[in-house]
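J.: Below: one structure in structure tokens.
The values are calculated or read from the model by the stated rules, or taken from the named source; none is laboratory data. Source: prediction; values computed, not measured. Don't worry about glycine lacking a Cβ; one is built from the backbone with ideal geometry, like all the others, and counts go over all protein chains shown. Note: accessible area is taken over every heavy atom of the protein model, side chains too, but ligands, DNA and RNA are not part of it. Shrake-Rupley method; radii C 1.70, N 1.55, O 1.52, S 1.80 Å.
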Amino acid sequence: MQPDAGTSLKSVKRMPSPKTLPKIGASNFTRDIDLSQDELLALLDLTQQIKSSPSRFSKSLTGRYIALLFEKPSLRTRFTFELAIKQLGGDAVFSTGPIGDREPLQDVARNLDRWTNAIVARTFSQDTIDDLARWSSVPVINALSDRFHPCQALADVFTLQERFGDVRGLKLAFVGDGNNVANSLMLSALRLGMSFSIATPAGYAPDAEIVAQAEALAAVSGARLEIGNDPMNAVTGAQAVYTDVWISMGQEEEYAKRLADFAPYQVNQALLEKAGSDAVFLHCLPAKRGEEVTGEVMESSQSAVFDQAENRLHVQKALLLMLIA
Ligand code: CP
Ligand code: NVA
């Protein structure tokens, strides 16, 4: 096959043939720690190759069909999965609504696995993801649950690697809700040797079980984990500052309380300046300007939020290839 325009012979030689793609030991991607450190590094490497030469992989999923089951709204995740699958030569069928209401989840899983090669699910409960994985004979990918957003974390660490090269030793600060996005980011960043400092209001820290997993990963990689309540302290010396919405999907009834609780946790220019002029601002999107982040920070030259969104496409291609190609 002819290399893509702009691709050097050296980088072509380094590329895996689509027939010798790296594989993932786990059958599913239900949470970040389903990937080992080596698998995560291999995925990031494959992502770089896919991003620089997408046409090399344009037939890698020919004849593969994937179900997308979404209980919650989405822009980025739906578009990037559908486009990733189509650009790899496969096809997707999307359905929205509660999973397991009209008929038992066990039956949904055992229908879909007869027709498709994978199930990508966005759910309220993490149990729904885990139950789909238990009952389906084809891989299940978590496209966001109340507990984790592992595909987002893949794009985030890839974006940091693109910006900084070797990410080991970087300090990543998270300011806001210790929720699904923060949980996944904490696990993936620590696994790669980035220090992670999170500042949340009291009562919104990450779940203790996930913190224990994060501490174990930090002990292996040598990275530092800090959990506290002071945004200034969290961002001081950070190369990256991340935030997420204060009111996640499904929490709309808590709007007024959360707005009050999180008010001191806005990422604004004054807070970003504490990190430094070369720090990058990250957000999974959608963003609520005037709540967790100012419009000024979103539009500043330090903002990498649309790189993150683009990279969802590339990392998910790599993930699909490692799971089902
Ligand atoms: N970041 C993210 O998952 O965006 P969507 O909710 O639009 O999919
Ligand atoms: N924490 C947010 C992330 C959206 C991508 C939510 O769950 O709604």
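J.: Grab the other residues whose beta carbon is less than 12 angstrom from that of Gln308, score K and R as +1, D and E as -1, and report the net.
T.: That sum, taken over residues with Cβ under 12 Å, equals -2.
J.: Along the charge dipole of the chain, pointing to its positive end and built from +1/-1 on Cβ of Lys, Arg, Asp and Glu, which listed residue (Ile66, Phe29, Ala240) has its Cα farthest out?
T.: Ile66
J.: Give me the distance between the Cα centres of segment 58-120 and segment 306-325, rounded to whole Å.
T.: Using only Cα atoms to place each centre, the spacing works out to 15 Å.
J.: Using Cα centres only, tell me the gap between segment 247-288 and segment 172-204 in whole Å.
T.: 13 Å
J.: Just reorder Thr159, Thr96 by solvent-accessible area, largest first, 1.4 Å probe, all chains present.
T.: Reading off the accessible areas and sorting them downward yields Thr96, Thr159.
J.: Which of the peptides 199-205, 171-177 is most tightly packed, and how do the rest follow, judged by the mean count of other Cβ atoms within 10 Å per residue?
T.: 171-177, 199-205
J.: Quick check on the chain: what are the equivalent-ellipsoid semi-axes from the Cα gyration tensor, as sqrt(5λ), descending, whole Å?
T.: Here the semi-axes work out to 31, 25, 17 Å.
J.: Whose amide H sits under 5 Å from the amide H of Val120, counting only residues 5 or more places off or on another chain, with H placed in the peptide plane?
T.: Hits under the 5 Å cutoff: Ala67, Leu68, Leu69, Ile141.
J.: Here is a follow-up. Tell me which trypsin sites (Lys or Arg not before Pro) from segment 83-112 have a DSSP coil assignment and no more than 10 other beta carbons within 10 Å of their own.
T.: For trypsin sites (Lys or Arg not before Pro) across segment 83-112 that sit outside H, G, I, E and B with at most 10 neighbouring Cβ atoms in 10 Å, the list reads Arg102.
J.: Here's a follow-up. Loop-only check: which trypsin sites (Lys or Arg not before Pro) in segment 197-298 are DSSP coil with at most 16 other Cβ within 10 angstrom?
T.: Answer by residue number: Arg224, Lys288.
J.: Another question about this same structure. Under 5 Å between amide hydrogens, which residues at least 5 positions from Trp246 or on another chain qualify, with H placed 1.01 Å from N in the peptide plane?
T.: So Trp246 has HN proximity to Glu292.
J.: In addition: Name all residues of segment 152-186 having a backbone nitrogen under 18 Å from the label point set 7 Å from the Cα of Asp230 along its Cα→Cβ direction, giving them as ranges.
T.: What the label zone holds, given the 18 Å backbone N cut-off, is 172-176.
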